[in-house]
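Notes follow once the structure below has been shown.
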2 protein chains.
Amino acid sequence: MSTSIIRGKYVICEAAVDGQSSRVITDGAVFQRDGVIEAVGAYDEIKAAHQADEELGGSGYVVMPGLVNAHHHGRGVSTFQNGCIDDCLETWILAGWGRRPYDHYLMTLFTSIQMIESGTTTTMYNHAQTPATGLADDVSEVLRGFADAGMRTAFSVYFRERNRVVYQDDEQFISGLPGDLAGSLRQFLAAVNLSEEEYFSVFQGLHQKYLNDSDSRVTVLLSPSNVQWVSDEFLLRTKDEATRTDAAIHIHLVESLYQKEYGLRTWGHTPVEHLNNLGFLGPEVSCAHSVWLTDQDIDILAQTGATVCHNPSSNLRLKNGIAPVNALLGKGVNVALGTDSTALNDDDDMIQEMRLAAKLHRQPRMDMPALNSHQALRLATTNAARPTGLQDKIGVLEPGRFADLVLLDLDALTDPYSDSGIDVVDMLLYRGKASHIDMVMIQGEVVVKNGTFIKMDKEAVLREIKEQFARPMEGRAIEAKKLAQGLTPFVEEFYKDWGKSEITPHYGFNSRV
Amino acid sequence: MSTSIIRGKYVICEAAVDGQSSRVITDGAVFQRDGVIEAVGAYDEIKAAHQADEELGGSGYVVMPGLVNAHHHGRGVSTFQNGCIDDCLETWILAGWGRRPYDHYLMTLFTSIQMIESGTTTTMYNHAQTPATGLADDVSEVLRGFADAGMRTAFSVYFRERNRVVYQDDEQFISGLPGDLAGSLRQFLAAVNLSEEEYFSVFQGLHQKYLNDSDSRVTVLLSPSNVQWVSDEFLLRTKDEATRTDAAIHIHLVESLYQKEYGLRTWGHTPVEHLNNLGFLGPEVSCAHSVWLTDQDIDILAQTGATVCHNPSSNLRLKNGIAPVNALLGKGVNVALGTDSTALNDDDDMIQEMRLAAKLHRQPRMDMPALNSHQALRLATTNAARPTGLQDKIGVLEPGRFADLVLLDLDALTDPYSDSGIDVVDMLLYRGKASHIDMVMIQGEVVVKNGTFIKMDKEAVLREIKEQFARPMEGRAIEAKKLAQGLTPFVEEFYKDWGKSEITPHYGFNSRV
């Protein structure tokens, strides 16, 4: 049995309870026992009512719920650091094939440490199969990494079975390639091939395992990668499996203009309409990116109760645009926030990501909406908790929820001056930095102390990564890189006439006339 | 006489020389004597050819030109920290009236230290008159602050004579207000009143003074605040004065949708067309913000050789939108970068501002433009140098220019891994942080060492600011705050029907259909 009191000048309990302000206790505290919050209230009352093993924080701190990164693919050493410069999503994915193979355990540790030190306590991790290694082994290494780092994880494996080079049948596309390129591509695709049976068997095994393990910090989700990448049969099987197992579903959706156009060319309507026609959408479904949503798509998402996982940095970096978050929120869609392992500063910092979201969704003109600080924080807490399957367990500081929380140094945050009228959530959203974080607790366990991750030897993890990455690049990765470079002009040629229809933006950020 | 060699694994001499890549010397060095660069080249050759008092940097560093903040209003303790939350420009300016009066010298020191520590060596400072203090005294305190901090400064006073509450004649607007509000407003406006004669006399005095002072780091510019805020006569007198004295001109321009609409309502054409009709525009003119530019406006700016000072953070924060930077660059307009004292993280960090610019101007679709890292760095160096009047003296590392430069720690920048194929300018733009800065030199003088400002006692400056800001708010500021709050509903009512015409965006970031 272990208990603690976490005290703050401000305890941010729940973000944007009414859209315009957050539930904040001044001179407050949280009391937790064995990782579960038992009480939240005025510090004096908490102190009088509860005997605790230790007291953390104090009157010079801010307590907030741990942040939830609602869309992430792991890694840590970023795609950019691996030599892939930002590009259009469709060519950038190809370039990523040439990434150096990595140790899943170590990289998961590293990405977790980086995220935890910047205030994230739960991550929606979506696993992409890497060439020629066994899925079950990779997945077990990833999960061991999250467990050792202490990160709470909503875990899914991303399934992709078709249209894997461009949004067209693989064999049809390959048939138009020169012979040597076609051969290398066939070989590469075979190596990342994953059968539907293996996918579902891994899901079922993990889902059962973690359902029965009440000590674990893992929930397991299903994940068809995207509408153009799986068959309708796969989508329907996923929906059935989700219903049968009460699991949530995570999918990528209209990330790029080209993905929307794939729908228009294939079905004569948008991918969202297609999913709706299949009966796929529902409150258990979360959709990453969702940039190219029409007004009608937004209505459908609102009606079905699906979540949108917004990735503002990634959407800009990969030339996908800006998701219509204000329109989504206006219709009551649950919008969550995530970095997609492609954050503004290439470091998975969710405080910076919240800030970017808060600045980006400020539509010109007084009577047009603008995301406020409370809403931005809600995107990364309450709203992001929903698609993880832990909507009643994380994201808010209240009795019965896990003690996943972050302490920020108020002096650092307000240095050298802060007007007494400034709301603490505004202060966090305007000026908060990862470097202001003093302590991070996950399920009652202190994992960051004095701003540094303490659960493991961080320097040793970094040393080991440096050693592994200092080794010469493997032949297979060099081949894949060459393959991607060879394919790029053909991919660009393929999309040459796509995405040219008229655009009527949700956001009027400037005007030609 | 003082000389130094500054060595780097990479010396970034000039950004985006051909639009796609930068002039970088690997294993290079800069040799400077008394603040002027005498040679740039391979380290071995520089070392063999020059005897220096000291050698800085080394093979674990990157050398780059000092950054130029092309639009800034000083302060340091931000408008937000003073209690004014971001809003539409037109109401946010009002709220700013209620800011606590401050010590111009101290605040200039603080803002300079903050900027210098994040790599800025020159700032385009635009001074707004504060209530009931003498302009000449304020200005002299500001310039003393910049001088003591060592910051190179392109200095101007912002002149505003009409339409100061809304874009309508002050007396006409006041006549529609309740009596007590009208009275307080008249009093407030009288206190910030500045006569044209005083303005030009201060300009002439300063311009002459710094022209004759070869040791100073100051150039003096003219600055009509914006087309709706000054008369045509004032604009023409400014143009004459600029021609007579060979001084540059800095102006705000179509920052908001409402400012564009003021032009359409007043003259039947845009503010840019109006300035062009007056013969005001030219290569000596730089225009801050310039968000609401039409295609025709962009052509005019290109033809006249004017500069646009782009402020991406401020434009988002104050609900003004996104300036069409790609279209401007496509037409050959000189685009510079600045923070407007309203940066993304509220800290005037130009590295972060370059990064935001680089991410924001990535238009969806493969065949649409995207600002690359080299161009983003050029916006903050070569292009930003032009409007300062020092276009041949700063922004590039080459013989004859001032030794204004920054050393970054390459290990920190590339930690824990960086693919050997990554360009150093990409590395800086994707992952560089102020915390990677080791040394900053202005005119040969080391002002930052080991990441910390050393020219003055920074802690003492901060202590003094804290003491001053801990004092109770003055009655005058409290009155001004009340006045602004009282006026806000009337201002909102005034603009109720403005800005409702159809928008055809330059950037298609999303689409409703």
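Details
- Ranking of B:Thr381, A:Thr504 by solvent-accessible surface, largest first: A:Thr504, B:Thr381 (1.4 Å probe, protein heavy atoms only, all chains present).
- Peptide B:364-376 has a mean of 5 when you count, residue by residue, the C-beta atoms of other protein chains within 10 Å of its C-beta.
- Both radii come from the Cα set of the stretch B:394-434: Rg as radius of gyration, Rh as Kirkwood radius; their ratio Rg/Rh reads 1.06.
- Whole-percent carbon and sulfur share, accessible surface of chain A, 1.4 Å: 46
- Three-way shape call for chain A based on the alpha-carbon gyration tensor, with the a/c threshold at 1.5: prolate
- Label distances, nm, B:Gly19 versus same residue in remaining copies, Cβ-directed 7 Å point: 4.6
- If you take the Cα centroid of the stretch B:87-101 and the Cα centroid of the stretch A:73-112, the two points sit 44 Å apart.
- Helical mean residue ellipticity (222 nm; -39500 (n - 2.57) per DSSP H run of 4+; nearest 500) of the protein assembly as shown: -11500 deg cm²/dmol
- In terms of the mean number of neighbouring beta-carbon atoms within 10 Å, the peptides B:282-293, B:169-180 order highest first as B:282-293, B:169-180.
- Accessible area of the protein assembly as shown divided out per residue, in Å², using a probe of 1.4 angstrom: 34
- Listed peptides A:310-317, B:425-432, B:91-98 appear in the order A:310-317, B:425-432, B:91-98 once ranked by packing, highest mean of other Cβ atoms within 10 Å at the front.
- Shown are A:Arg463, B:Arg401, whose ranking by accessible area with a 1.4 Å probe and every protein chain present, most to least, is A:Arg463, B:Arg401.
- Under 18 Å from the Cα of B:Lys449 - lysines, other chains or at least 8 residues apart: B:Lys433, B:Lys458
- Kirkwood estimate for the stretch B:27-136, i.e. one over the average of 1/r between Cα atoms, Å: 17.6
- Label point of A:Asp215 (7 Å along Cα→beta-carbon): distances to the other copies' equivalent points are 7.3 nm, sorted ascending.
- A:Asp44 contributes an accessible area of around 120 Å² to the protein surface, as traced by a 1.4 Å probe with all chains present.
- In the stretch A:64-82, the residues whose accessible area drops by at least 30 square angstrom when the other protein chains are added to the isolated chain are A:Phe80, A:Gln81; the probe is 1.4 Å and only protein heavy atoms count.
- Straight Cα distances below 20 angstrom link B:Lys500 to the lysines B:Lys260, B:Lys319, with same-chain residues fewer than 8 positions distant left out.
- Nearest-to-axis residue of chain B, judged by beta-carbon position, where the axis maps B onto A, in Å: B:Pro505, 3
- Square roots of five times the Cα gyration tensor eigenvalues for the stretch B:322-410, Å: 23, 17, 13
- What the Cβ-Cβ distance of A:Ser140 and B:Gln303 gives, at R0 = 51 Å and to the nearest 0.05, is a FRET efficiency of 0.20.
- Near B:Gly58, once Lys and Arg are set to +1 and Asp and Glu to -1 for all other residues with Cβ below 13 Å from its Cβ, the sum equals -3.
- In this label model, B:Thr504 and A:Ser435 are separated by 4.7 nm, measuring between points 7 Å along each Cα→Cβ vector.
- Shielding score for B:287-298, defined as the mean number of other chain Cβ atoms within 10 Å: 2
- Per-residue SASA entry for A:Glu398, accessible area with 1.4 Å probe, Å² rounded to 10: 60
- Angle between chain A longest axis and helix A:295-304 axis [Cα atoms, degrees, rounded to 10]: 60
- Distance between the pseudo-spin-label points of A:Ser420 and B:Arg463 (7 Å out from Cα toward the beta carbon): 2.5 nm.
- Under 12 Å from B:Lys482, Cα to Cα: aspartates and glutamates that are on another chain or at least 8 residues apart: B:Asp180
- FRET efficiency, B:Glu197 to A:Ser21 (Cβ-Cβ, R0 45 Å, nearest 0.05): 0.35
- Packing rank of A:266-278, B:217-229, B:62-74, where each peptide gets the mean count of other beta carbons within 10 Å, highest leading: B:62-74, B:217-229, A:266-278
- Counting Cβ atoms of other protein chains within 10 Å of each Cβ in B:343-352 and taking the mean gives 3.
- Shortest-first distances to equivalent copies, position A:Asp137, nm, label 7 Å out along Cβ: 7.8
- The calculated FRET efficiency for A:Gln51 paired with A:Gln204, based on their beta-carbon distance and R0 = 45 Å, is about 0.55.
- Area buried, chain B against chain A - accessible surface, total, 1.4 angstrom probe, square angstrom: 7300
- Backbone N atoms of the stretch B:231-267 closer than 16 Å to the 7 Å Cα→Cβ label point of B:Leu189 belong to residues B:231.
The values are calculated or read from the model by the stated rules, or taken from the named source; none is laboratory data. What you see is a predicted model, and the numbers here were worked out from it, not measured in a lab. FYI the Cβ positions are ideal-geometry reconstructions off the backbone, even for glycines, and counts take in every protein chain you see. We work out accessible area using only protein heavy atoms, side chains counted, and drop any ligands, DNA or RNA first. Shrake-Rupley method; radii C 1.70, N 1.55, O 1.52, S 1.80 Å.
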